[in-house]
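A short write-up of the structure that comes next.
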Amino acid sequence: MGRSKHADLNSLPDRLLAWYERHARDLPWRIGPANRAVGERPDPYRVWLCEIMMQQTTIPHGTPYFFKFTERWPTVEALAAAKDEEVMSAWAGLGYYARARNLLKCAREVAARGGFPETEAELRKLPGVGPYTAGAIAAIAFDQVAAAVDGNVDRVFARLLALKGDWAAEKKVIAERVRQLVPEERPGEFAEALMDLGATVCTPTKPNCLTCPLSELCAARAEGNPERYPIKPAKAAKPVRHGIAYVLQSKGEVLLVRRPDKGLLGGMLALPTGDWVEGDFPETPPPAKADWEEVGEVRHVFTHFALRFKVMRAELARRPKADGQWVTLNAVEGLPSVFAKAFKLATK
DNA sequence: AAGACGGGGCC
DNA sequence: GGCCCAGTCTT
């Protein structure tokens, strides 16, 4: 069995759950330990929604969106009945817009089948639900013995086990190790506890080992430098692309376009732009003939490149024929951040 | 296995 | 300017 090869983590679940009872984060979508103990369970819709929303998203940034969505669409059936543009607009500013497209697709599948599936394997088949989210929903909403391994859990275990190998390979080791540790009782709280520990104690910088319930089990702590972990590969430098954004106004309205579903900012409302290219600003034809003035430059950083928009503005007495939709200036909403920045620069 | 895919806060 | 965050999907 090679037991000696592994740290002895048998006591981890009990230590962690005892800690969680006293230090659980109070989150809007969560049923706390006291209420869980008397049998209360969270609404699967809210669990699913928060898990999708918080993917690669900080809690402070995502929380207002959670409130907005649950107030506007209190049930999965209500969300399933929403229009695509409404949901995309409500998601604007949260990023990773494929999540919003999959959210709606998933809501419609779930509403059609009469509710959420309850097992990890079935949940995994839903659009936008990957290994982490399937485990989280199964454990938290349905008390299934499933693991939810997110970035917090990866970091906690990288330190617990002092993992020094290739990070992609070590993450697989972690997933398997966590799966072995999920307790039959309270699997949902185990998942929440592990994430809370990573978020509040075993933090990326300056982990607070003095208050950690797992410090006695931690190999990185024993080595004396937990901050060294996890050891990840260096990231490639981001190239800079250049583009031109056009703010065309007429009669108190502005011309907006809908981006295609696939690709960057897919399905989102946008300003007309041409190609975004490396090197220098491209020769992009404007959406209409007008007296264009340059109002400034907007910089924005995406996941794999940085963007510089030259922002052009023009106003025409009569609306020209142009592709897109005209939207009242005061009613402009639902723009991704980069376009919101450019629009604001041109209209203030 | 490697890239694409947002955005904001923090150092 | 780089890192991180309740990751997933595509190629």
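Just so you know, all these numbers are worked out from the coordinates, no wet-lab data involved. Computed from a predicted model, the values in this text were never measured in an experiment. As a convention, Cβ positions derive from the backbone with ideal geometry for all residues, glycine included, and neighbour counts pool all protein chains shown.
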TODO: Based on other C-beta atoms within 10 Å, arrange A:Lys344, A:Lys171 from fewest to most.
DONE: A:Lys344, A:Lys171
- [ ] State the extension gain, in nm to one decimal, for the chain segment bounded by A:Glu294 and A:Arg318, taking 0.36 nm per residue of separation less the distance between their alpha-carbons.
- [x] 6.6 nm
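Past 24 Å, Cα to Cα, is the threshold; run A:Lys251/A:Lys344; A:Lys206/A:Lys238; A:Lys105/A:Lys344; A:Lys251/A:Lys341; A:Lys262/A:Lys321 against it and keep the listed order.
Working: A:Lys251/A:Lys344 18 Å; A:Lys206/A:Lys238 28 Å; A:Lys105/A:Lys344 32 Å; A:Lys251/A:Lys341 22 Å; A:Lys262/A:Lys321 26 Å.
With Cα atoms farther than 24 Å apart: A:Lys206/A:Lys238; A:Lys105/A:Lys344; A:Lys262/A:Lys321.
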Open item on the list: In region A:167-326, if the dipole is taken from +1 on Lys/Arg beta carbons and -1 on Asp/Glu beta carbons about the Cα centre, which of A:Pro260, A:Ala234, A:Ser215 is farthest to the positive end?
Closed with: A:Pro260
Task: In sequence order, calculated HN-Hα J values of region A:287-296 (Karplus, 6.51, -1.76, 1.60; Hz; x Gly/Pro) - done: x, 7, 6, 6, 8, 7, 10, 7, 9, x
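Can you give the % of DSSP beta bridges in chain A that are antiparallel, to the nearest 5? The partial results should precede the final answer.
Working: 19 of 29 bridges.
Here the share of antiparallel DSSP bridges comes out near 65 percent.
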Open item on the list: Could you tell me the calculated FRET efficiency between A:Phe305 and A:Trp167, based on Cβ-Cβ distance and R0 = 25 angstrom, to the nearest 0.05?
Closed with: 0.65
Task: Residue exposure sequence - A:Asp280, A:Asp196, A:Asp43, A:Asp166 - by fewest surrounding Cβ within 10 Å - done: A:Asp280, A:Asp166, A:Asp43, A:Asp196
Open item on the list: Could you derive backbone 3J(HN,Hα) for region A:39-52 from the dihedral phi with the Karplus parameters 6.51, -1.76 and 1.60 (θ = phi - 60°), listing whole Hz in sequence and x where the residue is Gly or Pro?
Closed with: x, 6, 10, x, 5, x, 4, 5, 5, 4, 4, 5, 5, 5
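Counting each DSSP H run of 4 or more residues in chain A as -39500 (n - 2.57), what helix-only mean residue ellipticity at 222 nm follows after dividing by all residues, to the nearest 500 deg cm²/dmol?
Details: 14 runs with 142 residues, N = 348.
That comes out to -12000 deg cm²/dmol.
Given an 8 Å cut-off on Cα distances and at least 6 residues of separation, report the relative contact order of region A:257-348 as a percent.
Numbers: 104 pairs, mean separation 26.5, N = 92.
Reported as a whole number, the value is 29 percent.
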Open item on the list: What is the angle, in °, between the Cα long axis of helix A:337-347 and the longest principal axis of the Cα atoms in chain A? Nearest 10 is fine, range 0 to 90.
Closed with: 30
Task: Cβ charges +1 (Lys, Arg) and -1 (Asp, Glu), total dipole of chain A, debye - done: 700
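In a shell of Cβ-Cβ distance under 10 Å around A:Glu315, excluding A:Glu315 itself, what net charge do Lys and Arg (+1) and Asp and Glu (-1) give?
Numbers: positive: A:Lys251, A:Arg313; negative: A:Asp291, A:Glu293.
Net charge in that neighbourhood comes out at 0.
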Open item on the list: Cut-off is 10 Å between beta-carbons; in what order do A:Arg308, A:Arg318 appear when sorted fewest neighbours first?
Closed with: A:Arg318, A:Arg308
- [ ] Mind listing the long-range amide H neighbours of A:Met268? Cut-off is under 5 Å, sequence gap 5 or more, other chains count too, H placed in the peptide plane at 1.01 Å from N.
- [x] A:Arg259
Task: Sequence-separation-based contact order of chain A, relative, with Cα cut under 8 Å and 6+ spacing, percent - done: 16
- [ ] Return the sequence-ordered ³J(HN,Hα) values of region A:59-72 in whole Hz as given by the Karplus equation 6.51 cos²θ - 1.76 cosθ + 1.60 applied to θ = phi - 60°, using x for Gly and Pro.
- [x] 4, x, 6, x, 4, x, 5, 4, 5, 4, 5, 6, 6, 7
